[in-house]
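Undergrad: One structure, pasted below without further comment.
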Amino acid sequence: MPAATALFAFAAASFVLLIIPGPAVLYIVNRSVSDGRTVALASVAGLELGNLTHALAATAGLSAVIATSATAFGVIKWAGAIYLIGVGVLTLIRRPDQLELTVSHLTYRRAFVQGIVVNVLNPKVALFFLSYLPQFVDRNAGPAWLQVLILGCVFVAIGCVTDATWAIATSAFRALLLRGRAIGFIRRWISGSVFVVLGVLAARAHRAAS
């Protein structure tokens, strides 16, 4: 069990990192404006499951394998990049359907799955757990794997709060946007561009030095 001081320091640092806009926040904002609050919250659930997957992987030592194996890292990096860029390109070339305020363009299930993919196939999340989380593990405070698991769960819990806040706050502007012509532009060009940017960010991730 991590010491109380280490747990608090990790929670505070994680909160600061999570509220800074990054790939996950970009995805949440995109879903909030394009599809509304409930779909955005479904995507948040997927994102957090993706974070939990990395926490469990770090507990099992898989993050270390990814960081030290160029092949494993490359597979994850390029799989994520190709998927995200592919979704972005398809969004850019397709003309969006007419969207009504009470009808979401993306299903809850699809938003949930995409949220998982965004974080599971994002090597930066794995590298975060590898390079940042271990600083708070005390070898004298019990089994390292248990401390990593607890810290990882704390990160996921904080992510649930911060990401849900982004979703709720951003979706508050959706009704205003839907009254004009901006939403079509957002759903096609902004949405597609966001996915492409997410893919580029994944492709540009570098493996940590061994």
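The values are calculated or read from the model by the stated rules, or taken from the named source; none is laboratory data. Everything numeric in this text was worked out from a predicted model, so none of it was measured. Here Cβ is always computed from backbone atoms with ideal geometry, including for glycine, and neighbour counts include all displayed protein chains.
Undergrad: Tell me, yes or no, whether the range 195-206 has at least one residue that is in a loop (DSSP other than H, G, I, E, B), of a type outside the set (A, V, I, L, M) and modelled with pLDDT of 70 or more.
TA: The answer is yes; a qualifying residue exists.
Undergrad: Next question, about the same structure. Residues in the range 14-36: is at least one among the basic types (Lys, Arg) and either surrounded by fewer than 24 Cβ atoms within 10 Å (Cβ to Cβ) or touching a Pro at 6+ places or on another chain (Cβ under 9 Å) (or both)?
TA: no
Residue-wise test of (1) over 15 Å from SER34 (Cβ atoms); (2) at pLDDT below 80.
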| site | (1), (2) |
| --- | --- |
| SER69 | yes, yes |
| GLN98 | no, yes |
| LEU101 | no, yes |
| LEU130 | yes, yes |
| ALA141 | yes, yes |
| SER171 | no, no |
| ARG174 | no, yes |
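Undergrad: Return yes or no: is ALA57 modelled with pLDDT of 80 or more and over 20 Å from PHE128 (Cα atoms)?
TA: The answer is no for ALA57.
Undergrad: Hey, another quick one. Which numbered condition trips up LEU26, out of (1) at pLDDT 85 or above; (2) closer than 14 Å to ALA167 by Cβ?
TA: Only one criterion in (1) at pLDDT 85 or above; (2) closer than 14 Å to ALA167 by Cβ is unmet by LEU26, namely (1).
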